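Report on the structure given below.
The values are calculated or read from the model by the stated rules, or taken from the named source; none is laboratory data. As the structure is a computational prediction, the values presented were derived from the model and not from experiment. Cβ sites come from the backbone with ideal geometry, for glycine too, and all protein chains shown count toward neighbours.
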Amino acid sequence: MKVLTGHRRAARERHVEPLRARCDLGVDGALAPEALAGQLWAGAAARDGQGRVS
């Protein structure tokens, strides 16, 4: 199982972390679906009609 954990960590560092600074919204994937939906709706509500944060 350690190999899989290391693989996931390496993949995250390679694919997720470089883009983090350019993201407009980050969510916690460990939360329940209802909480995730709430984060997404709150993020969408904070934007104006052109996709910018208001």
Picked from the stretch 27-43 (must be in a loop (DSSP other than H, G, I, E, B) and surrounded by 10 or more Cβ atoms within 10 Å (Cβ to Cβ)), the residue modelled with the highest pLDDT is L31
Note down all Cβ pairs under 8 Å where the first residue falls in the stretch 13-29 and is within 24 Å of A46 (Cα to Cα), the second is assigned to a loop (DSSP other than H, G, I, E, B), and they're at least six residues apart or on different chains. R20/G26
In the stretch 1-25, the residues that are surrounded by 10 or more Cβ atoms within 10 Å (Cβ to Cβ), modelled with pLDDT under 85 and either in contact with a helix residue (DSSP H, G or I) (Cβ under 8 Å, 6 or more places away or on another chain) or in a loop (DSSP other than H, G, I, E, B) (or both): D24, L25
